[in-house]
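Single-structure report; data block below.
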Amino acid sequence: DAKTTQPTSMDCAEGRAANLPCNHSTISGNEYVYWYRQIHSQGPQYIIHGLKNNETNEMASLIITEDRKSSTLILPHATLRDTAVYYCIVRGSGEKKSSGDKLTFGTGTRLAVRP
Amino acid sequence: EPEVTQTPSHQVTQMGQEVILRCVPISNHLYFYWYRQILGQKVEFLVSFYNNEISEKSEIFDDQFSVERPDGSNFTLKIRSTKLEDSAMYFCASSPTAMGSPLHFGNGTRLTVT
């Protein structure tokens, strides 16, 4: 699976948009970009994923560049409860057993939402 | 919304003892996983399981570890002879398919080996 690079930490003001960047310059054509977050020591929580197109759900938006080498997770109106570690993960399609269907977590971005 | 449930939430055991961590994946999911997170470290993949067999395992998942789906609902992780370094949060996850669908995680079991 391709490696990702994220800033170690970020902060944003409550009510403002939080934009979390991720670089994945070695991503291959059949690999998805997934975003998860982990609040304190809870289990990782799925946020959103995409392949090529931008995606939006009730939690967030995912913007993937045309060359797919980077992406941005957008939390449109951050709240204090969004304070967490956010993980950007590139994951194989699972077509080949050797490529695996697991998620490989890095160190993520620690987002602090301030009042 | 359906969720992955894990029991117990906290398990304390003595070194050398066997422990079984239990998970109930989401009911229509077919792929199952165990991860662990040592305090202050990354979430690490242990094993994936599909069609009643291990599909992939990491270097961490040595002969001391085993997984089982004893019935249609539970998915267990057994550690035969626990070591101090097995102390960690253990997370179970499941997904409906391997391709393009997310893993859903439980809230973990905190294992403390004394």
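The values are calculated or read from the model by the stated rules, or taken from the named source; none is laboratory data. The structure displayed is predicted, hence computed values, not measured ones. Note that we place each Cβ from the backbone using ideal geometry, even for glycine, and neighbour counts take in every protein chain shown. What goes into the accessible areas is simple: the full protein's heavy atoms, side chains included, and nothing from ligands, DNA or RNA. Shrake-Rupley method; radii C 1.70, N 1.55, O 1.52, S 1.80 Å.
Brief remarks follow.
- Interface burial in the range B:78-108, defined as at least 20 Å² less accessible area with all protein chains than with the chain alone at a 1.4 Å probe, covers B:Phe91, B:Ala98, B:Met99, B:Gly100, B:Pro102, B:Leu103, B:Phe105, B:Asn107.
- Counting only residues at least eight positions apart within a chain, or on another chain, the aspartates and glutamates with an alpha carbon under 14 Å from that of B:Lys78 are B:Glu18, B:Asp62, B:Asp63, B:Glu68, B:Asp86.
- Rounded to the nearest whole Hz, the Karplus-based 3J(HN,Hα) values (6.51 cos²θ - 1.76 cosθ + 1.60, θ = phi - 60°) of the range B:78-85 follow the sequence 10, 10, 6, 9, 5, 10, 4, 6, with x at glycine and proline.
- Looking at chain A, the accessible area is 51 square angstrom per residue; that uses a 1.4 Å probe and ignores ligands, DNA and RNA.
- Shown in residue order for the range B:2-14 are the 3J(HN,Hα) couplings computed by the Karplus curve 6.51 cos²θ - 1.76 cosθ + 1.60 at θ = phi - 60°: x, 9, 8, 10, 10, 9, x, 6, 9, 10, 10, 9, 8 Hz (x for Gly and Pro).
- In order along the range A:33-46, the phi-based Karplus estimate (6.51 cos²θ - 1.76 cosθ + 1.60, θ = phi - 60°) of 3J(HN,Hα) comes to 9, 10, 10, 10, 9, 9, 9, 6, 10, 6, x, x, 10, 5 Hz; Gly and Pro are listed as x.
- Net length available on complete extension from A:Asp11 to A:Asn30 is 3.6 nm, with 0.36 nm assigned per residue and the Cα-Cα distance removed.
- Heavy-atom accessible surface that A and B bury in contact, both chains counted, 1.4 Å, Å² to 100: 1900 Å²
- Within 10 Å of each Cβ in A:39-46, the average number of Cβ atoms from other chains: 6
- Checking the cross-link pairs A:Lys3/A:Lys69; A:Lys52/B:Lys57; A:Lys3/A:Lys52; A:Lys52/B:Lys42; A:Lys3/A:Lys102; A:Lys69/B:Lys57 against a 22 Å limit on the alpha carbon distance flags A:Lys52/B:Lys57; A:Lys52/B:Lys42; A:Lys69/B:Lys57 as lying beyond it.
- Estimated inter-spin distance, B:Ser81 and B:Asn52, nm [label 7 Å along Cα→Cβ]: 3.0 nm
- Distance from the Cα centroid of the range A:57-78 to that of the range B:57-108 is 30 Å (rounded to whole angstrom).
- Counting heavy atoms of the protein chains alone, B:His10 has an accessible area of about 100 Å² for a 1.4 Å probe.
- Cysteines of the protein assembly as shown lacking any other cysteine Cβ under 4.7 Å from their own Cβ: A:Cys12.
- Rolling a 1.4 Å probe over the protein heavy atoms of the range B:24-114, with every protein chain left in place, gives an accessible area that is 47 percent carbon and sulfur.
- Accessible area of chain B divided out per residue, in Å², using a probe of 1.4 angstrom: 50 Å²
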